[in-house]
Amino acid sequence: ILPYRFAFIGGCPIGSELAQCFARFGSKFTIIDIAPSILPREDEDLRAFVIESFKEEGIAFQMNCKVKKVVHGTPHVITFEKNGKEESIECDEMLVAVGRKPNVSGLNLEEVGIQCSPKGILINDYCQTSLPHIYACGDVAGPFQFTHFADYQARLILRNALFPGKIKADYRVVP
């Protein structure tokens, strides 16, 4: 790993985590993303601190970019457009994140009366679907796609399904 140059296309939180991990192993790492900044959901002060820390660790950023072409070879060449100008970088390995979306097709949920949208299964504040005796949680029930968030929803569902008195989900503080 040590002499490698990595490029990560996409800016989800896992890209930031992998960038820091590989940089600490001694690899060069560049994050290429269409977004204006990494960690867009985080507080601006925290984001600035993380960006500065990453730069000190040697992680490079190419933000506000649109990838135009990827040539696989030794090395790989990634061509992207930034500020109307084409640029390229070379790397030994690439990691690509294309995002996630819930896949409920083929489950026939609508036929039994469970409402869905392109974002997944629709739930209320108690994690109930449109059929109140059926609950949903995790990536398929959003609004965040994190394991700790799915765990929170699952615990809420157990509480609401098995014990008297329902508790609403509180998403104000999601780490």
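Sort out which residues of the range 128-140 are closer than 27 Å to LEU39 by Cβ, crowded, with 17+ Cβ neighbours inside 10 Å and touching a residue at least 24 places away in the same chain (Cβ under 8 Å), and write them in order of number.
Of everything in the range 128-140, just one residue is closer than 27 Å to LEU39 by Cβ, crowded, with 17+ Cβ neighbours inside 10 Å and touching a residue at least 24 places away in the same chain (Cβ under 8 Å), namely VAL140.
For the range 82-93, give me each residue that is open to solvent by 50 Å² or more (accessible area, probe 1.4 Å), touching a strand residue (DSSP E or B) at 6+ places or on another chain (Cβ under 8 Å) and either outside any strand (DSSP E or B) or within 16 Å of MET63 (Cα to Cα) (or both).
GLU86, GLU87, SER88
Under 9 Å between Cβ atoms, at least 6 apart or on separate chains: pull out the pairs that start in the range 94-106 with a residue that is within 21 Å of ILE9 (Cα to Cα) and part of a strand (DSSP E or B) and end on any residue that is open to solvent by 90 Å² or more (accessible area, probe 1.4 Å) and of a type outside the set (Val, Ile, Thr).
Once the first residue is within 21 Å of ILE9 (Cα to Cα) and part of a strand (DSSP E or B) and sits in the range 94-106, its partners that are open to solvent by 90 Å² or more (accessible area, probe 1.4 Å) and of a type outside the set (Val, Ile, Thr) give MET94/HIS72.
Among the candidates LYS85, LYS168, LYS69, single out the residue that is touching a residue at least 24 places away in the same chain (Cβ under 8 Å) and charged (D, E, K, R).
LYS168 is the lone residue from the list that is touching a residue at least 24 places away in the same chain (Cβ under 8 Å) and charged (D, E, K, R).
Pick out the one residue from ILE14, ILE31, ILE38 that is outside any loop (DSSP other than H, G, I, E, B), under 30 Å from VAL174 (Cα atoms) and open to solvent by less than 70 Å² (accessible area, probe 1.4 Å).
Among ILE14, ILE31, ILE38, only ILE31 is outside any loop (DSSP other than H, G, I, E, B), under 30 Å from VAL174 (Cα atoms) and open to solvent by less than 70 Å² (accessible area, probe 1.4 Å).
The values are calculated or read from the model by the stated rules, or taken from the named source; none is laboratory data. It should be emphasised that the depicted structure is a prediction, and the values quoted were computed from it without experimental measurement. So basically every Cβ, Gly included, is an ideal-geometry build from the backbone, and we count neighbours across all protein chains shown. Ligands, DNA and RNA are excluded from the accessible area calculation, which covers all protein heavy atoms including side chains. Shrake-Rupley method; radii C 1.70, N 1.55, O 1.52, S 1.80 Å.
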